[in-house]
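**Q** Attaching a single structure in structure tokens format; questions to follow.
The values are calculated or read from the model by the stated rules, or taken from the named source; none is laboratory data. Please read these numbers as outputs of a predicted model, since none were measured by experiment. Using ideal geometry, Cβ is built from the backbone for each residue, glycine included, and neighbour counts are taken over all protein chains shown. Note: areas computed on protein heavy atoms with side chains; ligands, DNA, RNA excluded. Shrake-Rupley method; radii C 1.70, N 1.55, O 1.52, S 1.80 Å.
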Amino acid sequence: MALKIYGLAMSTNTTRAMICLHEKEVDFELVPVNVFASEHKLPPFLNKNPFGLIPVLEDDDLTLFESRAITSYVAEKFKEIGPDLIRHKDIKEASLVKMWTEVESHYYDPAVSPIIYEYFVAPFQGQEPNKTVIETNMEKLKIVLDVYEAKLSTTKYLAGDFYSLADLSHISETHYFMQTPCASMINERIHVKAWWEDISSRPAFQKVVGGMTFGQNDQK
Amino acid sequence: MVVKVYGPHCASAKRVLVCLIEKEIEFEVVPINVLEGEHKNPEYLKLQPFGTIPVIQDGDYTLYESRAIMRYYAEKYRSQGVELLGKTIEEKGLIEQWLEVEAQNYHPSAYNLTVHVLFPALLADNTPNPKVIEESEAKLVKVLDIYEERLSKSKYLAGDFFSLADISHLPFTDYIVKYMGKEYLIKDRKHVSAWWDDISSRPSWKKVLELYSPPI
């Protein structure tokens, strides 16, 4: 039975899981969840994820939610196929991958996501982007990106000179971030910019990027 | 050479200490005075560039982020002490899921309550924000309702086995239960309360509290 991912093609968290599945050359089916009709907050979806969030992975009788747990599971289960995203043969490298995934989760994403929200989601609700929210989070992101710039001037990718889940974890939210006026924060840091151009050009990401739209191309 | 854990009195460091004790790994601690801003000193920032606690040094290997550190030691010392990563890949997947749940859904609210109610000196303006306290508690209530349902079906979060996912909840839940007057959040939920009594009575947690009690 093929793996199923319940989620949406434009969701950062869903695409985080899908990029990983593509890197590992795993067949899967994307089952759309109509979040605009609150399908994710009602049964039967709530039986899959009681927190009412996408994505959810179904692999035979295993149901998993939380995108970073899904990528961790997929990368481990299929560790012998495709690129070594988790450095499973070297526990120190493996743990540096986990450390930088934690950094993405606790420092990068919380600064980037509100900025994405203000530029992409607020307009859908008829609101102007909130300048205070944007500025506050740009200040937080500046600190994070300065650390990244220093690290990426010493290694090609975050956990070392190897692409890993830690880098992959950043792709979806950064893709949207680069379409906001704040993209200059990435572009003006030469090593972060080079890293972004590298990881976003990977074929696995190219397979999902087409679905990552809020319809902004239709807007003036 | 023995692993050094920086900042043992801080809640996040305690996740690591419990894990090390459960895995029967010797360690040393290096106290860091957060209230005096020692974690923002250049020497500390060389080890942990984000200026947060904890960080470990194990020979020439440096690692930060408490959940990453736990995963490292639980994996490295798989064959000794208590098994904290489950027995199968599927069990490990569920442990990862509930570790993420703790990190994404539980921790932010528990952390806000801790800082605003107990350690407002850590805030930029030293002033607790009642709105933050109220909203954090409301979010935590929703999360704990889901935990109650989950723990009515399995003894621990990832299944009928104790794991890193349970350990991750110890430090901040201890603050909630003991020092804030909000113990009802845990105690009023039958299965969450039983789970809390179980995990907080483990010798590893008692030892950590005995040695590195928070500065309250």
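**Q** Within region A:110-119, is even one residue among the aromatic types (Phe, Trp, Tyr), assigned to a loop (DSSP other than H, G, I, E, B) and over 29 Å from B:Lys76 (Cα atoms)?
**A** The answer is no, given that none of the residues of region A:110-119 is among the aromatic types (Phe, Trp, Tyr), assigned to a loop (DSSP other than H, G, I, E, B) and over 29 Å from B:Lys76 (Cα atoms).
**Q** Can you tell me which residue within region A:97-120, out of those that are touching a Cys at 6+ places or on another chain (Cβ under 9 Å) and open to solvent by less than 10 Å² (accessible area, probe 1.4 Å), is nearest to A:Leu85 (Cα to Cα)?
**A** A:Val112
**Q** So, in region A:152-186, how many residues would count as being more than 23 Å from A:Gly210 (Cβ to Cβ), open to solvent by 10 Å² or more (accessible area, probe 1.4 Å) and not in a loop (DSSP other than H, G, I, E, B)?
**A** 4
**Q** Still on this structure: Please go through (1) more than 10 Å from chain B (Cβ to nearest Cβ); (2) on the phi < 0 side of the Ramachandran plot for A:Val103 and return the number of the only condition it doesn't satisfy.
**A** The single condition A:Val103 does not satisfy is (1).
**Q** Would you mind finding the one in A:Pro43, A:Pro32, A:Pro50 that is surrounded by fewer than 20 Cβ atoms within 10 Å (Cβ to Cβ), closer than 25 Å to A:Phe177 by Cβ and of a type outside the set (A, V, I, L, M, F, W, C)?
**A** Checking each option against the conditions leaves just A:Pro32.
**Q** Within 19 Å of B:Glu65 (Cβ to Cβ), within 9 Å of chain B (Cβ to nearest Cβ) and in contact (Cβ under 8 Å) with a residue 60 or more places away in the chain, is that true of A:Ser72?
**A** yes
**Q** Only one of (1) within 8 Å of chain A (Cβ to nearest Cβ); (2) within 16 Å of the chain's Cα centre (by Cα); (3) open to solvent by 20 Å² or more (accessible area, probe 1.4 Å) fails for B:Glu90. Which number is that?
**A** (2)
**Q** Here are the criteria: (1) more than 9 Å from chain B (Cβ to nearest Cβ); (2) in contact with a His (Cβ under 9 Å, 6 or more places away or on another chain); (3) in contact (Cβ under 8 Å) with a residue 24 or more places away in the chain. Tell me which single one A:Lys79 does not satisfy.
**A** Checking A:Lys79 against (1) more than 9 Å from chain B (Cβ to nearest Cβ); (2) in contact with a His (Cβ under 9 Å, 6 or more places away or on another chain); (3) in contact (Cβ under 8 Å) with a residue 24 or more places away in the chain, the one that fails is (3).
**Q** A follow-up question, please. Taking into account only those residues within region B:41-86 that are in a helix (DSSP H, G or I) and within 16 Å of A:Val147 (Cα to Cα), which is farthest from the other protein chains (Cβ to nearest Cβ)?
**A** This residue is B:Glu43.
For every residue, the table says whether it meets (1) of a type outside the set (Lys, Arg); (2) surrounded by fewer than 19 Cβ atoms within 10 Å (Cβ to Cβ).
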residue: B:Ala13; (1), (2): yes, no
residue: B:Val29; (1), (2): yes, yes
residue: B:Asn33; (1), (2): yes, yes
residue: B:Arg71; (1), (2): no, no
